[in-house]
1. For the range 253-301, which residues satisfy the criterion of being of a type outside the set (F, W, Y), in contact (Cβ under 8 Å) with a residue 60 or more places away in the chain and not in a strand (DSSP E or B)?
2. For the condition modelled with pLDDT of 95 or more, on the phi < 0 side of the Ramachandran plot, part of a strand (DSSP E or B) and not polar (S, T, N, Q), what is the one hit in L115, L125?
3. Given (1) modelled with pLDDT under 85; (2) in the same structural domain as L104 (by TED's automatic domain parsing), identify the lone condition not met by K55.
4. If you go through the range 60-95, how many residues are over 22 Å from V46 (Cα atoms), touching a strand residue (DSSP E or B) at 6+ places or on another chain (Cβ under 7 Å) and among the polar types (S, T, N, Q)?
Amino acid sequence: MAGNPRGQAGNGGGPGSIDEGQHRLAVLIDADNAQASVIEGLLAEVAKYGLASVKRIYGDFTSNRLQAWKQTLLEHSIQPVQQFAYTSGKNATDSSLIIDAMDLMYTRRFDGFCLVTSDSDFTRLAQRLREEGLVVYGFGEEKTPAAFRQACDKFIQTKVLRPLSPPTPTPMPSAAAPARRAKAVTKSADAATPKRARVAPAPATAPAPPIGNAEAPAVTATMPRLPLGLLRKAIEQASDDTKWANLGSVGNYVNKVSPDFDPRLYGCKKLSDLFRQHPQYFDVEERQLGAARALFVRAVE
């Protein structure tokens, strides 16, 4: 289980309690800015950081827009907090969530909060919770403003928490299909007038960027560019005279500088996988340190 980024001690119960040794977290969901389809992956992600002692969701559940949440709340034991809109066009949900968050904070029973929203209005709440010494995990969509992302200790984009869609089965061609295709090709060839053959030019291949570039090319149209500048800086800050850096120290630096960095956004499960996937930029080495083994990384010159 991933530890608390700030290394706080948990406030677990007595001996034998189910949350003994775990960090107690309050999960507060803004239903107006979150989707029910990610809740299973989201709660699994929360479990990496601690025990979700409180799970509440805020919104006007009389609205048709939030109907998808009803069955989800029962399945995952999330307490709905009904908040009617006092005035058309105004959002009263934010105020209700913030008030509850402050009430929970003053109980001194929690080690951290998970704020599930893509709304920058919760930026000051995240800052206030951190000022109190609590850890704040933010969960939101790609559109979440940078102000809220940076106000959290760790920000996770919900798109990496969605279940993978099963591959679409390819229909099997019928027995008559090959014969029909062959007949169509023959007919087309007979009807065509022979002319000089035209050879299509080979597609141009984009040259690889120099090693010193701050950004690497995007792997796919939807995948962001690899932040080479950030990763190189992290290695530089954590390295010794040989320019090798402990992978754990590199990850801690990246987390502090860029809370929204997540290797899953680049198609890798772990940070070590990300470095190994780009040997043109990084060297990775496993070393024996006493009874344990550790990974070290170095930027390719």
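1. N255, P259, D260, D262, R264, L265, H278, Q280, V300, E301
2. On the way: L125 fails: part of a strand (DSSP E or B).
Within the list L115, L125, the selection yields L115.
3. Every condition holds for K55 apart from (1).
4. 2
The values are calculated or read from the model by the stated rules, or taken from the named source; none is laboratory data. What you see is a predicted model; the values in this text were computed from it and never measured. Heads up, the Cβs are rebuilt from the backbone with ideal geometry, glycines too, and the neighbour counts pull from every protein chain shown.
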